[in-house]
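Worksheet: one structure, shown below.
Nothing in this text is a laboratory measurement; each read-out follows from the coordinates by a stated rule. Model, not experiment: these values are computed from the prediction. Note: ideal-geometry Cβ built from the backbone for every residue, glycine included; neighbour counts use all protein chains shown.
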Amino acid sequence: MITLKKLTTSITVLGLAVTIATSCSDNKDAKEVAEEVNEENLDRKEEKGAGQLVEAYSANMFEIKASENASLNASTAEVKNVAVMMIETHGKMNVAIEKLAASKSITLPNDLTDDQNREIENLTEKTGINYDKDYISKMKDKHEAALDKLNKISEKSDDSEIKAWAQKTAPEVSAHLEMVKAAEDNLKNR
């Protein structure tokens, strides 16, 4: 015989299980969570700048993680050197973004997106010179996209501090792009 207390307990446990299952199936990555927090806490004007910083921070995290992987798995000294430089400079870039974001109460992601993790997994499936070429190709694509975004922010941002950050960061990203293009040229004949 089921007592009212047992029935209530069973319903409560079932409700909790459904709540947990529903929240786990949401599958939001850290970048989406940061964007949602910013959307809730900032006005529309601030949210645009927050989105720019979230995007840059996330991209830097990817480049750092991919470069950590390349520093261990690249087959050429040149690519390993590029990777070590990327780890150091993009780490510094993210420290600057963290400071700027903190001054504006902007939430940043704390992990890579699912797509970024898949990109790194796909990269690690390669070996030797094919690994090096794929890593350098990814860095070229990422830096071209980042430079384009930084230039747009430099020209159009309504936030003077974010605009200044973009103007300061763009030349360094441009220098990275040139280094990556040189490495790509050196890898073409291998």
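For the range 42-79, the set of residues classified as in a helix (DSSP H, G or I) and of a type in the set (S, T, N, Q) consists of Gln52, Ser58, Asn60, Ser67, Asn69, Ser71, Asn73, listed by residue number.
Which of the residues spanning the range 78-95 are crowded, with 17+ Cβ neighbours inside 10 Å and either touching a residue at least 40 places away in the same chain (Cβ under 8 Å) or more than 15 Å from Ser67 (Cβ to Cβ) (or both)? Val79, Val82, Ala83, Met86, Thr89, Met93 - these are the residues of the range 78-95 that are crowded, with 17+ Cβ neighbours inside 10 Å and either touching a residue at least 40 places away in the same chain (Cβ under 8 Å) or more than 15 Å from Ser67 (Cβ to Cβ) (or both). Please verify whether the range 139-152 includes one or more residues that are part of a helix (DSSP H, G or I), more than 18 Å from the chain's Cα centre (by Cα) and over 19 Å from Ser71 (Cα atoms). Within the range 139-152 (the criterion being part of a helix (DSSP H, G or I), more than 18 Å from the chain's Cα centre (by Cα) and over 19 Å from Ser71 (Cα atoms)), the answer is yes, since at least one residue qualifies. Within the range 152-187, how many residues are of a type in the set (Gly, Ala, Ser) and in contact with a helix residue (DSSP H, G or I) (Cβ under 8 Å, 6 or more places away or on another chain)? Going through the range 152-187 one residue at a time, the tally reaches 6. The residue list Asp141, Asp185 contains one member that is of a type in the set (Asp, Glu) and either touching a residue at least 24 places away in the same chain (Cβ under 8 Å) or within 20 Å of His90 (Cβ to Cβ) (or both), which is Asp141. From the list Glu98, Glu178, Glu172, Glu119, the lone residue that is within 23 Å of Asn73 (Cα to Cα), in contact (Cβ under 8 Å) with a residue 24 or more places away in the chain, in a helix (DSSP H, G or I) and of a type in the set (D, E, K, R) is Glu119. Scanning the range 113-146 for residues that are surrounded by fewer than 18 Cβ atoms within 10 Å (Cβ to Cβ), β-branched (Val, Ile, Thr) and out of contact with any Lys or Arg (no Cβ under 8 Å at 6 or more places or on another chain) turns up Thr124, Thr127.
Scanning for something farther than 16 Å from Leu150 by Cα and without any contact (Cβ under 8 Å) to a residue 12 or more places away in the chain, does the range 56-68 turn up at least one residue? No, the range 56-68 has no match at all.
Filtered by the rule that a residue be of a type in the set (A, V, I, L, M) and either in contact with a Cys (Cβ under 9 Å, 6 or more places away or on another chain) or buried (at least 22 other Cβ atoms within 10 Å of the Cβ) (or both), the range 60-73 gives Met61, Ala66, Ala70.
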